[in-house]
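*Asks:* Structure provided below as structure tokens; questions to follow.
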Amino acid sequence: MAELDLLRFLAALAVVAFHYLVAYASVWGDRPAELFPALAPIAGLGILGVELFFIISGFVILMTVWGRGLGGFARSRFVRLYPAYWLSLGAVAALYGLTGAKALDPKLSPGEYLLNATMFQRLFKITDASGVYWSLWAELRFYLLMAILVIIGVTYGRVLAFTGLWLAAALGLKVLAETGLFDNEVVREIVMPDYAPYFAAGMALYLIHKHGNAWLPWLYVAAGYGMSIHSALGRVHRRIEGAGFKNMPVTDASVIITITLIFVLMSLVALGLLRLKPSRTLTALGGTTYPLYLLHSVLAVALIPLLTGHLPPWATATVTVVAAVLLSYLVYSFAERPIQRLLKPRRSTQTPSAPAVQVEKASVP
């Protein structure tokens, strides 16, 4: 699905824009929103690029598990996630271990870097080596929930039941926590009330894509949309509270419009109304997305302080973005793909189905 490749790449670029033009004050040595006052209100919305990733993930991962056993699902996720992740982790360790870089330094010990290599560092209350790794912890928990569904057996009815129960649990937990009646950290980590609406909406949209229009999946999409607006506003508000509106100039209206646009685009994909012809360019953009998401922080720390003072801010940002995209493409082409080919089990003589081939291109962090 080439349209998902493009949407994933645009989501990654949105995250890059947010970090480079709004968030990375320590990298610039100044408030980016003051350096880019005209762009900051739009770039600030790039924080929601991860939310688009989560919806795409719900769509694609359900596509992945349909008709696949637990072992095949686990292997596909391992091969998809870990090679590029390990490369990025090595880049982070090298940046702070071999240079004098200070911005965004997680200040980890060698043992803590090794624990980061498992991707389960948050389970042990260890700091992420890179700030972008937080979303991978949400993805991993989603995969574990999907593994339960795989064990039970993936059918239309069971996916409907699973998605409905998850949305209900997420909504109930949010209401109980906000009213002070119940708030348990373990339950919150499992249910993920802030992110469940995105994953669940993506799953419901895949049911619509696979089985056609039905009222119940659309009800789940609508519920996910309403809950997602609440979650997105909460995440943006927390950012504004920490940095101040001047440094995160994003309005509630713009957040609602952005979440609405994301849901509209994904609904068009599900209905087959937004279709793009597959091409090498779109496949390359889709492949570049994950390394770009993982590595753009490293490039920012390495290049922006070096270029600042020699180039105007807009030129520095442009050069760094281009360098990050090019490096990510090289990592995808000459490191990630070869490693994935080595780790993948040998194909059987039976020809794989088309959806399975498409999933490897479209699956997300």
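The values are calculated or read from the model by the stated rules, or taken from the named source; none is laboratory data. Remember, it's a predicted structure, so these values are computed and weren't measured experimentally. Here the Cβ positions follow ideal geometry from the backbone for every residue, glycine too, while neighbour counts run over all protein chains shown. To get the accessible areas, we keep the full protein, side chains included, count just its heavy atoms, and leave off ligands, DNA and RNA. Shrake-Rupley method; radii C 1.70, N 1.55, O 1.52, S 1.80 Å.
*Asks:* For the chain, take the longest principal axis of its alpha carbons; what is the angle in degrees between that and the long axis of helix 280-307, to the nearest 10 within 0 to 90?
*Replies:* So the helix axis and the longest Cα principal axis differ by about 30 degrees.
*Asks:* Another question, then. Separation between the Ala38 and Leu342 pseudo-spin-labels, each 7 Å from Cα along Cα→Cβ, expressed in nm?
*Replies:* 4.8
*Asks:* Once ligands and nucleic acids are excluded and a 1.4 Å probe is used, how much of Asp105 is accessible, expressed in Å² to the nearest 10?
*Replies:* Counting only protein heavy atoms, the figure is 40 Å².
*Asks:* Between Val319 and Ala94, 0.36 nm times their residue separation minus their Cα-Cα distance comes to what?
*Replies:* Full extension from Val319 to Ala94 adds 78.8 nm.
*Asks:* Which one of Ala138, Thr260, Ala317 is farthest out on the positive end of the charge dipole of the chain, using unit charges on Cβ (Lys, Arg +1; Asp, Glu -1) and the Cα centre as origin?
*Replies:* Looking along the dipole axis, the top candidate is Ala138.
*Asks:* Helix 196-211 against the longest principal axis of the chain: what's the angle in degrees, Cα atoms only, rounded to the nearest 10?
*Replies:* 50
*Asks:* Continuing with the same structure: Of the options Gly242, Gly46, Phe73, report the single residue whose Cα projects farthest towards the positive end of the charge dipole of the chain (beta-carbon charges: Lys, Arg +1; Asp, Glu -1).
*Replies:* Phe73
*Asks:* Relative contact order, percent, of the chain when contacts are C-alpha pairs under 8 Å separated by at least 6 residues? List each step's numbers first, then the result.
*Replies:* Working: 444 pairs, mean separation 116.1, N = 365.
After rounding, I find 32 percent.
*Asks:* Here is a further query. Stokes-Einstein at 20 °C, 1.002 mPa s, Kirkwood radius from Cα pairs: D for the chain in µm² s⁻¹?
*Replies:* 101
*Asks:* Follow-up. Once the piece of chain linking Tyr156 and Glu241 is laid out straight, how much longer is it, given 0.36 nm per residue of separation minus the C-alpha distance between them?
*Replies:* Numbers: separation 85, 0.36 × 85 = 30.60 nm, distance 4.23 nm.
Gain in length upon complete extension: 26.4 nm.
*Asks:* Could you tell me the relative contact order of segment 1-126? Use alpha-carbon pairs under 8 Å, at least six residues apart, and round to a whole percent.
*Replies:* 21
*Asks:* Whole number in Å², please: accessible area per residue of the chain, 1.4 Å probe, ligands, DNA and RNA not counted.
*Replies:* 45
*Asks:* I'd like the carbon and sulfur percentage of the solvent accessible area for the chain, probe radius 1.4 Å, heavy atoms only, ligands and nucleic acids excluded.
*Replies:* 67
*Asks:* Please work out how many pairs of lysine residues in the chain are eight or more positions apart (or on different chains) and have Cα atoms closer than 24 angstrom.
*Replies:* Working: Lys102/Lys125; Lys107/Lys125; Lys125/Lys174; Lys210/Lys277; Lys210/Lys361; Lys277/Lys361; Lys344/Lys361.
Taking the chain as the scope, the lysine pair count is 7.
*Asks:* Rounded, prolate or oblate: which one fits segment 214-334, using the alpha carbon gyration tensor with axes a ≥ b ≥ c (rounded when a/c is under 1.5, else prolate when a/b beats b/c, else oblate)?
*Replies:* Oblate, since a/c reaches 1.5 and b/c is not below a/b.
*Asks:* Against the longest principal axis of the chain, how steep is helix 49-65, in degrees 0 to 90 to the nearest 10, with axes from Cα atoms?
*Replies:* 40
*Asks:* Now a separate question. Could you give the dipole magnitude of the chain about its Cα centre, charging the beta-carbon of Lys and Arg +1 and that of Asp and Glu -1, in debye to the nearest 20?
*Replies:* The dipole magnitude comes to about 1120 debye.
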